[in-house]
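J.: Quick one: the structure is below, questions incoming.
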Amino acid sequence: RKANRKLAEYIRESALNGVVVSGHNAETVAIAKNLIGMANNLNQLTKLSHQRGFHETHVYVVDLLRRLKTVLVEYRQGNSKPNPSEMNRREDTP
């Protein structure tokens with residue numbers, strides 16, 4: 001309706017003359033994957049905290065939250081080049 005065309009005309013023109021635009025660059029995808037990994041670690045720590053008590057997982061939770069804050073600050077500032085090896089280390093998960 002906004003294009004003031006019939007749907008079939010719009011689809012045909014879009015298919016023939018449309019341009020595909022990438023929604024995310026490689027850096028953004030890498031950051032998203034790291035954030036997903038951190039979220040998974042946080043979920044695992046939450047489950048472990050419920051099972052064993054927060055006193056046993058406190059250090060891991062604080063470290064994960066510190067790394068998450070670093071990623072978010074860098075992303076918001078446009079310096080989206082955090083070091084992936086520092087953000088999602090598997091050996092940090094208990």
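J.: How much length is gained if the chain between residue 69 and residue 7 is pulled fully straight, taking 0.36 nm per residue apart and subtracting their Cα-Cα distance, in nm to one decimal?
T.: The span from residue 69 to residue 7 would gain 17.8 nm if fully extended.
J.: Using only the Cα atoms, what convex hull volume per residue in Å³ does segment 1-83 have?
T.: Residue-normalised Cα hull volume stands at 164 Å³.
Every number in this text was worked out from the coordinates using simple rules, so none of it is lab data. Remember, it's a predicted structure, so these values are computed and weren't measured experimentally.
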